[in-house]
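Worksheet: the structure to be examined is printed underneath.
The values are calculated or read from the model by the stated rules, or taken from the named source; none is laboratory data. Just so it is clear, the structure is predicted and the values come from calculations on it, not from any experiment. Here the Cβ is made from the backbone with ideal geometry for all residues, glycine too, and neighbour counts use every protein chain on show. Each accessible area value is taken on the protein alone, full model and side chains, heavy atoms only, with ligands, DNA and RNA left out. Shrake-Rupley method; radii C 1.70, N 1.55, O 1.52, S 1.80 Å.
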Amino acid sequence: DAKTTQPPSMDCAEGRAANLPCNHSTISGNEYVYWYRQIHSQGPQYIIHGLKNNETNEMASLIITEDRKSSTLILPHATLRDTAVYYCIVRASNAGGTSYGKLTFGQGTILTVHP
Amino acid sequence: GAVVSQHPSRVICKSGTSVKIECRSLDFQATTMFWYRQFPKQSLMLMATSNEGSKATYEQGVEKDKFLINHASLTLSTLTVTSAHPEDSSFYICSASFQGWGETQYFGPGTRLLVL
């Protein structure tokens, strides 16, 4: 399975954009990049995912580099409620990939949004 | 959409008893459900994967006779921790996915188990 590397922690001021990086240099062609977050004592929340094009939804934007070896999750206007552990996960999209169907969680990035 | 519930949210039991945790997909049919465990200050670890109507596939090191999984319908999966011991105390989280939605996993709120 392709592994991901994230910084252990980041800080962000409320109202500013939070840019969370992720390296996935061994990603395969059929593997998507998924982002989840986990607020303390809750189940993970799905944020966004992408294959090679940039993606945007009501929660965040996902920027994937052209070589797909890294990506950045952008929270455009961070609030205190965005304080959480953010997980970047690589997952195969169809049967036959070794990571098919499975999400392998690393340690993630602890994002702290401060006033 | 994509709401997953778990029941109970918290359970305390005596050592040696069995505990059943339910996971339900409320607004979609889950072709696959997953069970995870999370110990304090650690990340989520996948325990098993189940498809509706078939036996669960357990990850290496997870005892299938101790953690019984039943996925009897497209909206319900249960995890039974048999003969629970204090070391089984953990945060148990399920997720569900629907093949038609690109198989994105949606997670439940988790169940905190404390075995005394």
Evaluate the following for B:Ser54: is it buried (at least 16 other Cβ atoms within 10 Å of the Cβ) and polar (S, T, N, Q)? no
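A quick yes/no check of all residues on (1) of a type in the set (D, E, K, R); (2) out of contact with any Asp or Glu (no Cβ under 8 Å at 6 or more places or on another chain); (3) open to solvent by less than 40 Å² (accessible area, probe 1.4 Å):
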residue: A:Gly15; (1), (2), (3): no, yes, no
residue: A:His40; (1), (2), (3): no, yes, no
residue: A:His49; (1), (2), (3): no, no, no
residue: A:Asn54; (1), (2), (3): no, yes, no
residue: A:Arg68; (1), (2), (3): yes, yes, yes
residue: A:Pro76; (1), (2), (3): no, yes, no
residue: A:Tyr86; (1), (2), (3): no, yes, yes
residue: A:Val90; (1), (2), (3): no, no, yes
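What residue, of B:Glu103, B:Glu59, is open to solvent by 10 Å² or more (accessible area, probe 1.4 Å), touching a Leu at 6+ places or on another chain (Cβ under 9 Å) and closer than 16 Å to A:Thr104 by Cβ?
Details: B:Glu103 fails: touching a Leu at 6+ places or on another chain (Cβ under 9 Å).
Going through B:Glu103, B:Glu59 in turn, just one is open to solvent by 10 Å² or more (accessible area, probe 1.4 Å), touching a Leu at 6+ places or on another chain (Cβ under 9 Å) and closer than 16 Å to A:Thr104 by Cβ: B:Glu59.
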What number of residues in the range A:36-74 are away from every other protein chain (no Cβ under 11 Å) and of a type in the set (A, V, I, L, M, F, W, C)? 7
Say we look at the range B:20-51 and pick out the residues that are among the small types (Gly, Ala, Ser) and over 11 Å from the mean Cα position of the chain (by Cα); which of these is farthest from B:Val3 (Cα to Cα)? B:Ser43
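Answer with yes or no whether B:Thr111 is touching a residue at least 12 places away in the same chain (Cβ under 8 Å), open to solvent by less than 70 Å² (accessible area, probe 1.4 Å) and more than 10 Å from every other protein chain (Cβ to nearest Cβ).
no
Quick one: in the range A:39-93, which of the residues that are of a type in the set (S, T, N, Q) and in contact with a Phe, Trp or Tyr (Cβ under 7 Å, 6 or more places away or on another chain) is modelled with the lowest pLDDT? Full working, then the answer.
From the range A:39-93, those of a type in the set (S, T, N, Q) are A:41-42, A:45, A:53-54, A:56-57, A:61, A:65, A:70-72, A:79, A:83, A:93; that's our starting set.
Next, from what is left, pick out any that are in contact with a Phe, Trp or Tyr (Cβ under 7 Å, 6 or more places away or on another chain): A:45, A:93.
Values: A:Gln45: 97, A:Ser93: 69.
Checked the range A:39-93; the qualifying residue modelled with the lowest pLDDT is A:Ser93.
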Starting from the range B:65-89, keep only residues that are farther than 14 Å from B:Val115 by Cα and of a type in the set (Gly, Ala, Ser), then list their pairs with residues that are part of a loop (DSSP other than H, G, I, E, B) and open to solvent by 30 Å² or more (accessible area, probe 1.4 Å) whose Cβ atoms are within a distance under 7 Å, requiring at least 6 positions of separation or different chains. B:Ser73/B:Glu52
Within the range B:75-94, is even one residue modelled with pLDDT under 95, surrounded by fewer than 21 Cβ atoms within 10 Å (Cβ to Cβ), within 14 Å of another protein chain (Cβ to nearest Cβ) and not in a loop (DSSP other than H, G, I, E, B)? no
Residues being surrounded by fewer than 17 Cβ atoms within 10 Å (Cβ to Cβ) and in a loop (DSSP other than H, G, I, E, B): count how many of those fall in the range B:11-48. 13
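Which of the residues that make up the range B:1-10 are open to solvent by 90 Å² or more (accessible area, probe 1.4 Å) and at pLDDT below 95?
We begin by selecting, within the range B:1-10, every residue open to solvent by 90 Å² or more (accessible area, probe 1.4 Å); these are B:1, B:7, B:10.
If the condition is that a residue be open to solvent by 90 Å² or more (accessible area, probe 1.4 Å) and at pLDDT below 95, then B:Gly1 is the only one that fits.
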